[in-house]
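Taking it in order: structure first as structure tokens, then the write-up.
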Amino acid sequence: MQIESLKVFCDLAETESFTKAAQINSVTQSAVSQQISSLERTFKSLLIERSKKKFRLTREGQVLYDYSKQIIQTYESLHSRLQDLKDIISGTIRLATIYSIGLHDLPPYIKKFMKSYPTVNVHVEYRRANQVYDDVLSNVVDLGLVAYPQKDSKLEIIPLRKEPLVFICHPQHPFAKQKSVKLKALAGQKVIGFEPDIPTRKALDKILREHGVDVKLVMEFDNVETVKRAVEIDAGISIVPLGTVTQEINKNTLAAVEIEDGDFFRPLAAIYKRNKVLSPAMKQFLTILKDTI
């Protein structure tokens, strides 16, 4: 029995998915099944209840998971400590990020990190916000990048920075000639918004409620890129993070206007699973994110 088999078993227990466990460990689903069967033969115990309805550990499986998790954390702490002593920064960082951060904030910092630590492989997944949380909690990825981070007792949250929110409109729109616009001006406008489950949409809905502003959304999208395209063809106006429209402003395909009612920001954060052992590479990556993103 190897420690890799125990890790595969823990990943399977946490993700409840043979597919995800295989993905995390870069093996086939068949290999995952074989390793679980090998563990069952070793301990002469059924570890998983084979049911199509729901994944469930047996009592023996739960005991094995609890002890295996301790073994793996101890092993990872040992490995991380030895790398620290040798000043070794290597390995792989698995990262999940929402689209807007991944497309507009992250690239230059990955470039900076890779220049300093060329032996580290950074694997990036672009996901919806709820999927980032799921991937972090199920160990599919090591770190997540999100906006408006949600508190969770199972997560560590590392605040990064706050990004200003602005109105955006077509350059020929009347708002484009103004330095700032009040939120109540949205009432008579066609508004392009995010879908209801997007964290930025929830935050904007709260801001509008607090200022007594009712708006009629004419379009809703799940990402800022599509929102921008709709505004570029003058289908409506929107509120987005300033950093996501820098290129369009420079090209004069969009105009950005300050919100007059106050300073509104979108907070960005890195998240990882509580009690996760961070490798030296992950620690350095977080340091770069905190210093620059």
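If a spin label sat at a point 7 angstrom from the Cα of Ala235 along the line to its beta carbon, the backbone N atoms of the stretch 175-218 nearer than 17 Å would be those of 189-196, 216-218. Inter-label distance, Lys86 to Gln23: 3.1 nm, where each label sits 7 Å from its Cα along the C-beta direction. Treating each Cα of the stretch 3-85 as an identical point scatterer and summing with the Debye formula, the log10 of I(q)/I(0) at q = 0.11, 0.14, 0.25 Å⁻¹ comes to -0.30, -0.47, -1.27. Given the C-alpha centroids of the stretch 7-28 and the stretch 228-293, what is the distance between them in whole angstrom? The distance from the Cα centre of the stretch 7-28 to that of the stretch 228-293 comes to 32 Å. For an R0 of 30 angstrom, estimate the FRET efficiency from the Cβ-Cβ distance between Lys44 and Lys276 and round to the nearest 0.05. Given R0 = 30 Å and the Cβ-Cβ separation, E is 0.40.
Set the Förster radius R0 to 22 Å, insert the Cβ-Cβ distance between Asp291 and Asp263 as r into 1/(1 + (r/R0)^6), and round the FRET efficiency to 0.05. Don't skip to the end; give the middle numbers.
On the way: r = 23 Å, r/R0 = 1.05.
So, using R0 = 22 Å, E works out to roughly 0.45.
Net charge of the neighbourhood of Tyr109, taken over other residues with C-beta under 11 Å away and scored Lys/Arg +1, Asp/Glu -1, is +2.
A convex hull fitted around the alpha carbon atoms of the stretch 45-95 yields 113 Å³ per residue. Each pair of Cα atoms in the stretch 92-192 enters the Kirkwood radius, and Stokes-Einstein at 25 °C and 0.890 mPa s then converts it into a translational diffusion coefficient of 149 µm²/s. For the chain, the spread of Cα coordinates along the three principal axes comes to 74, 48, 30 Å, biggest extent given first.
When you have a sec, figure out the Kirkwood radius of the stretch 206-260 from all distinct Cα pair distances and drop it here in Å to one decimal?
After inverting the pairwise mean of 1/r, the radius is 12.4 Å.
For the stretch 161-248, the calculated P(r), taken from all Cα-Cα distances in 10 Å bins from zero up to the bin holding the longest distance, is 17, 56, 27, 1 percent. For the stretch 187-293, trypsin sites (Lys or Arg not before Pro) meeting the loop criterion (DSSP other than H, G, I, E, B) and having at most 12 other Cβ atoms within 10 Å: Lys216, Arg274. Distance from the Cα centroid of the stretch 114-158 to that of the stretch 39-65 is 29 Å (rounded to whole angstrom). Is there a pair in Lys54/Lys206; Lys216/Lys273; Lys20/Lys86; Lys202/Lys228; Lys112/Lys154; Lys216/Lys290 whose C-alpha atoms are over 27 Å apart, and which pairs would that be? Among Lys54/Lys206; Lys216/Lys273; Lys20/Lys86; Lys202/Lys228; Lys112/Lys154; Lys216/Lys290, the Cα-Cα distance tops 27 Å for Lys54/Lys206; Lys216/Lys273; Lys20/Lys86; Lys112/Lys154; Lys216/Lys290.
Here, each number is a calculation from the coordinates, and none is a lab measurement. All figures in this text were calculated on a predicted structure; none of them were measured in a lab. Don't worry about glycine lacking a Cβ; one is built from the backbone with ideal geometry, like all the others, and counts go over all protein chains shown.
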